[in-house]
Structures are given as C-alpha cells and as structure tokens.
1. Using only Cα atoms and rounding to the nearest 10 degrees, what angle (0 to 90) does helix 13-23 make with the longest principal axis of the chain?
2. Counting only helical runs of four or more DSSP H residues, what would the 222 nm mean residue ellipticity of the chain come to if each run contributes -39,500 (n - 2.57) and the total is spread over all its residues?
3. What angle do you read, to the nearest 10 degrees and between 0 and 90, between the alpha-carbon axis of helix 148-160 and the longest principal axis of the chain?
4. Report which label in (i) 1.54; (ii) 1.19; (iii) 1.47 holds the value of Cα Rg over 2.2 N^0.38 Å derived from the coordinates of this structure.
5. If you line up the long axis of helix 31-49 against the longest principal axis of the chain, both from Cα atoms, how many degrees apart are they, to the nearest 10?
6. If R0 is 22 Å, what FRET efficiency do you get for residue 123 and residue 87 from their C-beta distance, rounded to 0.05?
7. So what is the relative contact order for the chain, in percent, with contacts set as C-alpha pairs under 8 Å and at least six apart?
C-alpha cells in the first residue's frame, strides 16, 4: 500500500458529535437530573409545609416537571444549533492524503503532516472511524473519499496502525 489515499472535507456535525460523545467521560447521574430532582423535592416540601391539597400539589409538580423538561430540551436544542453554526464556520475547505507514515492535510494555504504515532487508538461509530489521542480526535467517514474502494483502503490503513483491543 505504497500509494496514498486522498480524502476531502470534514465529518458532518452529527458524526463529529457522535465521536465527541464517545470520547466524553460518562457521569453516573447527569447534572440536569440532579437539578430536577432537587427542585421538585424543594417544591414538594414547600407544598407539604403550606398544606396544599394533594391533587393540586401533584398537578403543580407534574406541570413543573414538564416545564423544566421543556426548558432543558429548548436549551439543548439552542446550544446544538449554535455549536453546529460554529462548527460549519470553522470547517475551512481542506483535503489530504493518508500515507504509510502519517496524514497529510492541506487546509487553506497551510500544510500539516501528522504522524500516526501521535495517536493512541482508533474508535469506530456508525461508519465513522477516528484516530484518538486523549480527548482529541481526527475522524474519517465514507463520504470523505471518492469511492468505496478508497474508503475500504483508508479503513484498513488506519486500523493497521493501532492494535485492536
């Protein structure tokens, strides 16, 4: 495989997000769940202290839970939309080649050569293959290559560089 393999572009925002999610350390309990439980608990305690009728308290707690859930959903959707705009703006036209000794990238007027040794491992998620070093990654997908054959050769080259666990 002395021949280089050409690629162009970036991962889509959604594919990039999948890679980021896979690299993110998982929390046992999400912060939004903690905030929700503590808020509902405080409101329930306040209703109990005020001796609010049981059916009214349940209705208000359900309403508050739905309101908070909707708020978290809206904040998440808004943040995702902003992140997508920033991601797409940051994706300066680029192309590159995968070679036996590393990855060569041309972005704008800049050229970079990244050695395979700079990465520790690969991860593969839903047709996306990324080389990873700690929290940083460089991802590749089928749509970045000119043909199925090129994508297959790229996957084989990348996977051959890192021992499979």
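1. Computed tilt is about 80 degrees.
2. Roughly -16500 deg cm²/dmol at 222 nm, from the helical runs in the chain.
3. 80 degrees
4. Checking each listed value against the structure points to (i).
5. 0 degrees
6. Details: r = 19 Å, r/R0 = 0.87.
Computed FRET efficiency for residue 123 and residue 87: 0.70.
7. Numbers: 159 pairs, mean separation 50.1, N = 165.
Reported relative contact order: 30 percent.
Since every read-out is calculated from the coordinates, none of them should be taken as a lab result. Because the structure is a prediction, the values reported are computed rather than measured. FYI the Cβ positions are ideal-geometry reconstructions off the backbone, even for glycines, and counts take in every protein chain you see.
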